[in-house]
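Enquirer: A single structure is presented below for examination.
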Protein chains: 2
Amino acid sequence: MIELEQILKKNNVKPTAMRLLVLQFLLNKKSAISLTDVEDYFVKSDRTTLYRTLKTFVESELAHKIDDGTGITKYALCEENCHCEIETDLHLHFHCKLCNETSCLTDHKIPNISLPKNFIAEDVNLVVKGICNKCNSN
Amino acid sequence: MIELEQILKKNNVKPTAMRLLVLQFLLNKKSAISLTDVEDYFVKSDRTTLYRTLKTFVESELAHKIDDGTGITKYALCEENCHCEIETDLHLHFHCKLCNETSCLTDHKIPNISLPKNFIAEDVNLVVKGICNKCNSN
DNA sequence: TAGTGTATGCAATGGAAGTGCATTAATTTG
DNA sequence: CAAATTAATGCACTTCCATTGCATACACTA
């Protein structure tokens with residue numbers, strides 16, 4: 001529990017009850033989660049609060065936003081010391097068409113991308129869709 | 001004009017007036033366009049018809065859908081003989097934060113991606129965000 | 001020409017993201 | 001410690017886009 005507080009404080013986020021709970025929830029999830037996922041879990045809480053909690057996490061580089069192409073924004077905790085830098089931190093995301101889960105393949109960093117002259121890259125999003133290992137083995 | 005018809009017929013799409021016009025519009029655009037873009041251009045036409053026209057184009061592999069992370073679906077014509085295959089056809093998309101335009105970098109195919117064991121890739125989406133060459137030179 | 005299938009237009013729905021404002025909690029300051 | 005300021009939460013509401021249902025119009029075929 002105290003660890004959770006440390007994580008928040010380290011990123012300059014005040015450890016409110018709600019934030020601790022959401023952080024815990026995120027930590028327990030292996031795959032990326034949507035606002036609705038969080039909402040369904042914390043039935044008593046207000047959607048807006050959860051929305052803003054996630055937003056806060058993203059802004060303080062505790063979590064990152066994932067656009068997996070489903071149209072529903074997903075969130076996942078960043079790795080330790082992540083600053084969402086293109087070269088070092090960004091990894092690819094995998095969306096499984098069967099189980100509908102989106103996961104971070106943190107070991108698979110975004111390959112180096114060469115752009116045409118005068119283009120400046122500030123952010124890269126790489127999503128692979130298909131069938132994940134779990135669904136494939138069934 | 002006749003060429004437009006040929007394009008449609010080649011992909012088994014009946015060349016209605018609306019479709020010819022939308023196809024023309026797409027041909028003239030260098031960057032990807034949204035449904036709203038088309039709607040704004042063809043003021044007299046109904047949004048649904050345009051929506052379905054684009055949908056038809058995508059289904060018949062005449063155009064591809066682009067999720068550039070803005071939350072607004074974009075469309076762009078496929079290249080000649082494109083079948084949206086991962087290895088050969090998929091290219092990266094660039095979204096400029098300044099001019100807000102999304103463009104196909106068709107010369108930049110998606111780099112080969114190695115996935116963990118038992119993962120099957122069926123589709124890949126690679127979007128780079130930043131500043132495009134036009135905006136960068138101003 | 002009648003009939004069938006496809007395309008179009010209108011209306012309405014649904015889902016998600018986001019905002020404004022009032023209320024409550026927490027923190028700072030006199 | 002109390003007052004005052006700031007931040008977090010909860011509720012209501014708005015906006016925007018994607019999508020669907022159904023009725024009408026058009027086009028092609030027998």
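Enquirer: Hey, among the residues in the range A:15-53 that are open to solvent by less than 30 Å² (accessible area, probe 1.4 Å) and within 9 Å of DNA strand C (Cβ to nearest atom), which one's farthest from the chain's Cα centre (by Cα)?
Expert: My answer is A:35.
Enquirer: Turning to a different aspect of this structure: Within the range A:119-138, can you find the residues that are modelled with pLDDT under 95, part of a loop (DSSP other than H, G, I, E, B) and facing chain B (nearest Cβ under 8 Å)?
Expert: A:137
Enquirer: On to the next question. Looking only at the range A:103-118, decide whether some residue is under 18 Å from the mean Cα position of the chain (by Cα), in a loop (DSSP other than H, G, I, E, B) and more than 8 Å from every other protein chain (Cβ to nearest Cβ). Show your work before the answer.
Expert: Of all residues in the range A:103-118, those under 18 Å from the mean Cα position of the chain (by Cα) come to A:103-110.
Narrowing further to those that are in a loop (DSSP other than H, G, I, E, B): A:110.
Subsequent filtering for residues that are more than 8 Å from every other protein chain (Cβ to nearest Cβ) retains A:110.
Checked against the condition, which is being under 18 Å from the mean Cα position of the chain (by Cα), in a loop (DSSP other than H, G, I, E, B) and more than 8 Å from every other protein chain (Cβ to nearest Cβ), the range A:103-118 yields at least one hit.
Enquirer: In this structure, is residue B:72 within 14 Å of chain A (Cβ to nearest Cβ) and within 14 Å of DNA strand C (Cβ to nearest atom)? Give the steps one after another, and end with the answer.
Expert: Working: within 14 Å of chain A (Cβ to nearest Cβ): yes; within 14 Å of DNA strand C (Cβ to nearest atom): yes.
Yes: the conditions hold for residue B:72.
Enquirer: Do you know which of the residues in the range B:54-69 that are more than 12 Å from DNA strand C (Cβ to nearest atom) and not hydrophobic (A, V, I, L, M, F, W, C) is farthest from the other protein chains (Cβ to nearest Cβ)?
Expert: Looking only at the range B:54-69, we keep the residues that are more than 12 Å from DNA strand C (Cβ to nearest atom), and these are B:58, B:61-68.
Then keep just the ones that are not hydrophobic (A, V, I, L, M, F, W, C); that gives B:61, B:64-65, B:67-68.
On the way: B:61: 17, B:64: 12, B:65: 9, B:67: 5, B:68: 9 Å.
Among residues in the range B:54-69 that are more than 12 Å from DNA strand C (Cβ to nearest atom) and not hydrophobic (A, V, I, L, M, F, W, C), the one farthest from the other protein chains (Cβ to nearest Cβ) is B:61.
Enquirer: Can you tell me which residue is farthest from DNA strand D (Cβ to nearest atom) among those in the range A:75-92 that are away from chain B (no Cβ under 12 Å) and not in a loop (DSSP other than H, G, I, E, B)?
Expert: Ranking the candidates gives A:76 first.
Enquirer: Could you grab the pairs with beta carbons closer than 8 Å, sequence gap of 6+ or different chains, first residue in the range A:59-77 and of a type in the set (S, T, N, Q), second one within 9 Å of DNA strand C (Cβ to nearest atom) and open to solvent by 70 Å² or more (accessible area, probe 1.4 Å)?
Expert: Cβ pairs passing all conditions: A:73/A:65.
The values are calculated or read from the model by the stated rules, or taken from the named source; none is laboratory data. Bear in mind that the values here come from a model prediction, so they are computed numbers and not experimental data. Positions of Cβ are backbone-derived with ideal geometry, glycine not excepted, and every protein chain shown enters the neighbour counts. Keep in mind that these areas ignore ligands, DNA and RNA; they rest on the heavy atoms of the full protein, side chains included. Shrake-Rupley method; radii C 1.70, N 1.55, O 1.52, S 1.80 Å.
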